[in-house]
Amino acid sequence: MTCVAPANDHTYFAKKEHLFPCLQDDSGIPTEQFLSACQGLADFVGFMGTAFAPVKSDIAGNVTKVRTRWLKDPIGQDTLQKLIDSDLKDNGGKLGIATEGLLWLKRGLEFMLLMLIFMVRDYRKDKASTESLVSVINGAYEGSLKRHHGFISKQVFKVVIHAAPYRKTILKAVAEGREGMDDICIGHIEEHLDNFKINVKTLVDYYVAKGLDTPDPNPQQ
């Protein structure tokens, strides 16, 4: 595939360490760059305010679980597929700490991916209609994490959703504090989504193929 190069204008999603790896054929998902991009997403969630601290903590915590496993054998687990297979082997075919952490990280990524897709979509469609991200985040939750959550988690997330910041607040953070960069930031997020989608789909498909997760009955992407 042809990969999108980082954009020239310096914004949060133009930084190399925040970009998901460009996947080549069937070579696997490079573990180190994938985890770097995931940590970047966790830090991005921090822009959304204190109400989203549990979401940031969840993503970052699962990144740590996977990274801890990877650091035990960086060469032998240089792709996520190798890491998953190794962790399963060490745990008798069952989910270990790393593979369970990666399972929930994957689910969190599905949520974040939809949120960014919907945010870009609404901005492109009619950016003047609303600055609210409540419907964007609610739609992303409905299409991803909700089916994995129990009653209490769903109620907690309702509170989180209604504490969503305005889009302009998020885009100013993506612009690293600069004004008048909304169009550029949306463009950079849009470029970021290409590899993000492919990484998530590849990981989702691998978990399903291994019998470690069930396919989404109503895929949103």
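We did not get these values from a lab; they are worked out from the coordinates using the rules stated. Just so it is clear, the model here is predicted, and its values are computed rather than measured. Methodologically, a virtual Cβ is constructed for each residue, glycine included, from the backbone with ideal geometry; neighbour enumeration extends over all protein chains shown.
Against the conditions (1) of a type in the set (D, E, K, R); (2) part of a loop (DSSP other than H, G, I, E, B); (3) under 20 Å from LEU35 (Cα atoms), ASP194 satisfies every one except (2). Filtered by the rule that a residue be touching a residue at least 12 places away in the same chain (Cβ under 8 Å) and under 21 Å from VAL208 (Cβ atoms), segment 70-96 gives GLN77, THR79, LEU80, GLN81, LYS82, LEU83, ILE84, SER86, ASP87, LEU88, LEU95, GLY96. On inspection, MET119 fails the criterion of being within 16 Å of LYS56 (Cβ to Cβ) and not polar (S, T, N, Q).
Checking each residue in segment 152-198 for being over 18 Å from PHE47 (Cβ atoms) and of a type in the set (Val, Ile, Thr) picks out ILE152, VAL156, VAL159, ILE198.
Identify, please: which residue in segment 168-221 is among the basic types (Lys, Arg) and without any contact (Cβ under 8 Å) to a residue 12 or more places away in the chain and is, among those, surrounded by the most Cβ atoms within 10 Å (Cβ to Cβ)? Of everything passing the filter in segment 168-221, LYS172 is surrounded by the most Cβ atoms within 10 Å (Cβ to Cβ).
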